[in-house]
Amino acid sequence: HVQLVESGGGLVQPGGSLRLSCAVSGLTFRFYAMGWYRQAPGQQRELVAGITSGDRTNYADAVKGRFTISRDNAKSTVYLQMNSLKPEDTAVYYCKTALLGVDYWGQGTQVTVSS
């Protein structure tokens, strides 16, 4: 079965950096697009960044120029490098993929940006 496991979250000061990882199993990773989403308390889950199987990327306006999504097909892992973090980036971050019309999500990793 498909599993996604995020890691790398934590507490960081404003202006700091974190790198999130999402290890994927249960599918042939290199064929699938991946996305990073986030959900802050009381808010809807929103797309942060996406990457296609061909390495095309897209970003939410709020993170452009600060966040970078990448993938390592040999490790079946997608990454989110987050730089110049702001308090408003505080959220639970999830990775997602879709297989045969079914969305698969990881369990999420908390990112807190605070001094």
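The values are calculated or read from the model by the stated rules, or taken from the named source; none is laboratory data. If you're wondering where the values come from, they're calculated on a predicted model, not measured in any experiment. As a convention, Cβ positions derive from the backbone with ideal geometry for all residues, glycine included, and neighbour counts pool all protein chains shown. To get the accessible areas, we keep the full protein, side chains included, count just its heavy atoms, and leave off ligands, DNA and RNA. Shrake-Rupley method; radii C 1.70, N 1.55, O 1.52, S 1.80 Å.
The table below gives the values:
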item: Those residues of region 91-111 which are surrounded by 18 or more Cβ atoms within 10 Å (Cβ to Cβ) and among the hydroxyl-bearing types (S, T, Y), in sequence order; result: Y93, Y94, T97, T109
item: Residues that are open to solvent by 30 Å² or more (accessible area, probe 1.4 Å) and aliphatic (A, V, I, L, M), drawn from region 1-17; result: V5, L11
item: Cross-chain or 6+ apart pairs with Cβ under 9 Å, region 1-12 first and modelled with pLDDT of 95 or more and of a type outside the set (A, V, I, L, M), then open to solvent by 60 Å² or more (accessible area, probe 1.4 Å) and outside any strand (DSSP E or B); result: E6/Q107
item: Count of region 40-83 residues which are touching a residue at least 60 places away in the same chain (Cβ under 8 Å), within 11 Å of the chain's Cα centre (by Cα) and open to solvent by 10 Å² or more (accessible area, probe 1.4 Å); result: 2
item: Count of region 1-34 residues which are charged (D, E, K, R) and in contact with a strand residue (DSSP E or B) (Cβ under 7 Å, 6 or more places away or on another chain); result: 2
item: Test result for S114, exposed (fewer than 13 other Cβ atoms within 10 Å of the Cβ) and touching a helix residue (DSSP H, G or I) at 6+ places or on another chain (Cβ under 7 Å); result: yes
item: Test: residue in region 48-56 that is in a strand (DSSP E or B) and out of contact with any Leu (no Cβ under 8 Å at 6 or more places or on another chain); result: yes
item: Long-range neighbours under 7 Å by Cβ, at least six apart or interchain, first residue without any contact (Cβ under 8 Å) to a residue 12 or more places away in the chain within region 94-107, second surrounded by 19 or more Cβ atoms within 10 Å (Cβ to Cβ) and in a strand (DSSP E or B); result: D103/K96
item: Exclusive hit being in a loop (DSSP other than H, G, I, E, B) and surrounded by 15 or more Cβ atoms within 10 Å (Cβ to Cβ), set L20, L27; result: L27
item: All strands (runs of 3 or more DSSP E) inside region 65-115 with 2 or more residues being at positive phi and not β-branched (V, I, T); result: none
